[in-house]
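The values are calculated or read from the model by the stated rules, or taken from the named source; none is laboratory data. All figures in this text were calculated on a predicted structure; none of them were measured in a lab. Methodologically, a virtual Cβ is constructed for each residue, glycine included, from the backbone with ideal geometry; neighbour enumeration extends over all protein chains shown.
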Amino acid sequence: MKREPLSAVSVPATCQEPVLPDAYARWDQDIRAALAATTGGISIASLALAWADWALHLIVSPGRRGKVAAQWCAGTLYDWAKPPFAEREAIAGDPRFAGPAWQQWPWCVWRDAFLRQETFCQEMTSDLDGVSPHHQRLAAFCARQWLDLGSPSNLWWLNPAVLAATANTLGGNFVQGASHWVEDVEDAVAQACHLPAQRRNPDFVVGRDVAITPGKVIFRNERMELIQYAPTTASVATEPLLIVPSWIMKYYILDLQPADSLVRHAVASGNTVFMVSWKNPGDEARDAGLHDYLRDGLLEALRVVRQQCDGARVQAAGYCLGGTLLAIAAAWLAREHRDDLSGVTLFATGTDFEVPGELGLFIDDSAFATIDALMRRQGYLDGPQLTTAFQMLHARDLVWSRMLGEYLLGKRARPNDLIAWNRDTTRLPHRLHADTLHSLFLRNDLAEGRYCVGGEPIALADITVPIFMVGTEHDHVTPWRSAYKLHLLTRDALTFVLTSGGHNAGIVSEPGHPRRRYRVATRVPGTRYRDPDRYLAEATLHEGSWWPCWFDWLAEHASGQREACALPADALDDAPGRYVLEP
C-alpha cells in the first residue's frame, strides 16, 4: 500500500516537538546553569535525594547495621590475633596492592584495615531494602570515591613503592612528578581554551602515526566528512562497508597504527570501506539534534556511498552511539520499505537503555535538568567535561593510579595509540546531547517503540537484514547483557559475539593481540530465546581476535565480487581530512 507523505500524516502526541521554554522557564534554567557551573555539572539535588533515601532506610534497619558491624568487628579481631610481624597473603584482583611489599608488616596492616573499611561501606550501601536501585548505586559510588581518597596506595607516606623510590632518588621522584603536574595543567588550560596541547613532540600525531590508511575525503557537509579508503585487493565484495563511529569520539579509534587498524584489516579482507568523520562542533551547532545527525550524517553518507558504488546495497557498521544511530536508521529504512542496507553490524552498542551501565549514575531527571541548563548556556558539552565524567566512573584506574605513577613515582605512563586517542576529546552540541539523554537514556524510547522519525514511531522489530553484534566482557558504558537485549527487540538472524576487554580495548582487538578470546553464537529466526547465562554456557569459545570472524561474516553475506574501484579524482582532501584535526 502506498504511504502518505509525512507532511500529511497526523503526528502522534509522543512525536510532537517539545514546547520552547518561556521567559520564566529560561530564568530558572539560568539559575540552574550558574549552579551547575560551580559543581561541574553535578546535580546537588540528585545527590541529596540519594543520600536521604539511603540514610533514612538505614536508620530503620538496625538489623542490617548490627550484622555489618559484627562482620567488621570479627574481621578486625581476626587480624589482631595474627602475629604482629607475620607475612600476610596477597589480595587477588586488586592492582593497588599487587606489590610484594604490601604482604609485609606494617604495610599489610594498613592495607587490611582499609579493605575492611571498604567492605564495611560496600555492605552498608548495597542491597538495602526499600532504597531505589538508582539511589543505591549512587550512594555506593559516592562512598567509594570518598574511601579512595584515604587509600594507603594513594598516600605517599603509607605506600612502600613511593617510599622506596624517594629513598633511591633522594626525593627526585617528587621533583619529576611536579614537572609532570605542571605539564598536565598547561595541557588542561590549552584544551579549555581550544588550543593545541603544550607538550613537545607528541608521540602519536593524526595523519602521521595514526589514521594513516590511504584514502580520500569524497564528501563534506556541516555535520561530517565521508572518507573512502583505497582498495588493496584486485576484487572486492559487491556491497561496500560504511562505518559510523560515535559522535563522542574521534573516528580514528578504528584506524590507529597499521597493526591495530580495523579499517586497514577490513580493506585487506576485500572490502570497499567508507568512514564517517564527525565535525567537532562549537556553539554554532547548539541546535543540531539527533534527527539532524541522522539526516545530514548517516543517511547522507549512505546516499553518497550508494551513489559512489553504482547503487549497491551497503553493509553498515556502527560503534557505540554511532551503532544506536545506525539501528534507528535501519528501523526507519525498513519502515519506508527501502533496501539500502544488506546487513547491520553493531560494536558495543546500546539499543535498550533500561540498564545503561555506570553512566546511569549521572542520568536521572534532576541530573538531566542540571546538565541541560549548563549545555544550554555553553551551546555544547565540552571534551574535558565529558572526560571528567568517564574518569569519575573509574577513578581508581583512571585517576588515582595515574596520579600515583606520574606525580608520586615520577614516571610517565608508557604512551600508546589508544591512550593518545582517548585524550583527543570532542564536543557535543546541546540539542544532540539533550536528545540522547532524554529520549534514549531517560525514557528508553527506542526500545519501547516511542522514538519518532518523520513524525511516526519506529520499531527495531521491523529490521529484516542480518545483524552482527559485538559486546565486551568488561564494558562499563554498554554492559554486554544490556546490548544482548537486542535479541528481544529484533526477529531476523542475529550473530552475537562476546569478546574479552572493555568498551574500547575489546573492539580494538587486532589479530595477534595476546590473551584475547571471544564467544559467538547465531540466533536463527524462529528459534526460541536464549538468555545471557545460557548464551555464556553454550556459545562457542575461540582464542584470539574476533575480527576474522566478522570479516568471514561479511564475506558470507556478500552477494558476490566485483573489480575494485579507484578513488575518485575529484576528491576534496586526502584522509584523514580536516574535521578530525580541528581542536
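Within region 48-86, track down each residue that is closer than 20 Å to Pro133 by Cβ and aliphatic (A, V, I, L, M).
As a first pass, look at region 48-86 and keep what is closer than 20 Å to Pro133 by Cβ: 48-61, 64, 68.
Hits for region 48-86 are Ala48, Leu49, Ala50, Ala52, Ala55, Leu56, Leu58, Ile59, Val60, Val68.
Hey, could you check region 349-365 for residues that are out of contact with any Gly (no Cβ under 9 Å at 6 or more places or on another chain) and assigned to a loop (DSSP other than H, G, I, E, B) and say which is nearest to Leu386 (Cα to Cα)?
Here is the first cut: in region 349-365, the residues out of contact with any Gly (no Cβ under 9 Å at 6 or more places or on another chain) are 352, 354-355, 358-361, 363-365.
Still in the list and also assigned to a loop (DSSP other than H, G, I, E, B): 352, 354-355, 363-364.
Working: Asp352: 22, Glu354: 21, Val355: 20, Ile363: 13, Asp364: 17 Å.
Per the criteria, the residue is Ile363.
Set side by side, the residues Leu374, Leu428, Leu398, Leu381 differ, and just one is hydrophobic (A, V, I, L, M, F, W, C) and at pLDDT 85 or above, which is Leu428. Within region 299-307, can one find any residue that is in a helix (DSSP H, G or I), touching a Pro at 6+ places or on another chain (Cβ under 7 Å) and of a type in the set (A, V, I, L, M)? The answer is yes; a qualifying residue exists. Only a single criterion out of (1) free of Cβ contacts under 8 Å to residues at least 60 places away in the same chain; (2) within 29 Å of Leu58 (Cβ to Cβ) is not satisfied by Gly171, namely (2). Among the residues in region 561-570, are any surrounded by 13 or more Cβ atoms within 10 Å (Cβ to Cβ), modelled with pLDDT of 95 or more and among the hydrophobic types (A, V, I, L, M, F, W, C)? Checked against the condition, which is being surrounded by 13 or more Cβ atoms within 10 Å (Cβ to Cβ), modelled with pLDDT of 95 or more and among the hydrophobic types (A, V, I, L, M, F, W, C), region 561-570 yields no hits at all. Entry remark, region 468-492: residues being under 15 Å from Cys549 (Cβ atoms) and in contact with a Lys or Arg (Cβ under 9 Å, 6 or more places away or on another chain) number 1 in total.
All conditions but one from (1) of a type in the set (Val, Ile, Thr); (2) closer than 27 Å to Glu358 by Cα; (3) at pLDDT 85 or above apply to Ile91; the one that does not is (3). Do we have any residue at all in region 312-330 that's free of Cβ contacts under 8 Å to residues at least 60 places away in the same chain, farther than 30 Å from Gln378 by Cβ and hydrophobic (A, V, I, L, M, F, W, C)? For region 312-330, residues free of Cβ contacts under 8 Å to residues at least 60 places away in the same chain, farther than 30 Å from Gln378 by Cβ and hydrophobic (A, V, I, L, M, F, W, C): absent.
Screening Val189 against (1) modelled with pLDDT under 90; (2) assigned to a loop (DSSP other than H, G, I, E, B) leaves a single unmet condition, (2). For His476, are the conditions met, namely being surrounded by fewer than 19 Cβ atoms within 10 Å (Cβ to Cβ), closer than 20 Å to Ser246 by Cβ and at pLDDT below 90? For His476, the condition - surrounded by fewer than 19 Cβ atoms within 10 Å (Cβ to Cβ), closer than 20 Å to Ser246 by Cβ and at pLDDT below 90 - is met. Take region 151-180 and flag every residue that is within 33 Å of the chain's Cα centre (by Cα) and among the hydrophobic types (A, V, I, L, M, F, W, C). Within region 151-180, Leu155, Trp156, Ala161, Val162, Ala178 qualify. When we screen Ala413, Ala389 for residues that are surrounded by fewer than 19 Cβ atoms within 10 Å (Cβ to Cβ), within 23 Å of the chain's Cα centre (by Cα) and modelled with pLDDT under 75, the only hit is Ala389.
Kindly indicate whether Ala312 is assigned to a strand (DSSP E or B) and of a type outside the set (Phe, Trp, Tyr). It is false that Ala312 is assigned to a strand (DSSP E or B) and of a type outside the set (Phe, Trp, Tyr).
Checking every residue in region 258-266 against the condition of being modelled with pLDDT of 90 or more and either assigned to a strand (DSSP E or B) or of a type in the set (S, T, N, Q) (or both) gives at least one match.
Please find, within region 320-346, the residue that is surrounded by the most Cβ atoms within 10 Å (Cβ to Cβ) out of those that are of a type outside the set (A, V, I, L, M, F, W, C) and assigned to a loop (DSSP other than H, G, I, E, B).
At the first step, the residues of region 320-346 found to be of a type outside the set (A, V, I, L, M, F, W, C) are 322-324, 335-340, 342-343, 345.
Still in the list and also assigned to a loop (DSSP other than H, G, I, E, B): 336-340.
Working: Glu336: 15, His337: 8, Arg338: 10, Asp339: 10, Asp340: 21.
By that ranking, first place goes to Asp340.
For region 534-569, which positions are assigned to a loop (DSSP other than H, G, I, E, B) and acidic (Asp, Glu)?
Step one: of region 534-569, the residues assigned to a loop (DSSP other than H, G, I, E, B) are 539, 544-546, 557-560, 564-569.
Across region 534-569, there are no qualifying residues.
Among residues of region 214-273 being of a type in the set (Val, Ile, Thr) and within 21 Å of Thr324 (Cα to Cα), the one that is surrounded by the fewest Cβ atoms within 10 Å (Cβ to Cβ) is Ile248.
Applying the set (1) surrounded by 10 or more Cβ atoms within 10 Å (Cβ to Cβ); (2) modelled with pLDDT under 80; (3) more than 34 Å from the chain's Cα centre (by Cα) to Gln71 leaves exactly one unmet item: (2).
The numbered conditions (1) crowded, with 17+ Cβ neighbours inside 10 Å; (2) under 17 Å from Asp94 (Cα atoms) are all true for Gln145 except (1). Given the condition closer than 15 Å to Leu567 by Cα, free of Cβ contacts under 8 Å to residues at least 60 places away in the same chain and of a type in the set (Val, Ile, Thr), answer yes or no: does some residue in region 234-257 qualify? Within region 234-257, not a single residue is closer than 15 Å to Leu567 by Cα, free of Cβ contacts under 8 Å to residues at least 60 places away in the same chain and of a type in the set (Val, Ile, Thr). In region 228-257, the qualifying residues are those that are among the hydrophobic types (A, V, I, L, M, F, W, C) and in a loop (DSSP other than H, G, I, E, B), and the one that is nearest to Leu299 (Cα to Cα) is Trp247.
Against the conditions (1) farther than 30 Å from Ser500 by Cα; (2) under 20 Å from the mean Cα position of the chain (by Cα); (3) of a type in the set (D, E, K, R), Glu358 satisfies every one except (1).
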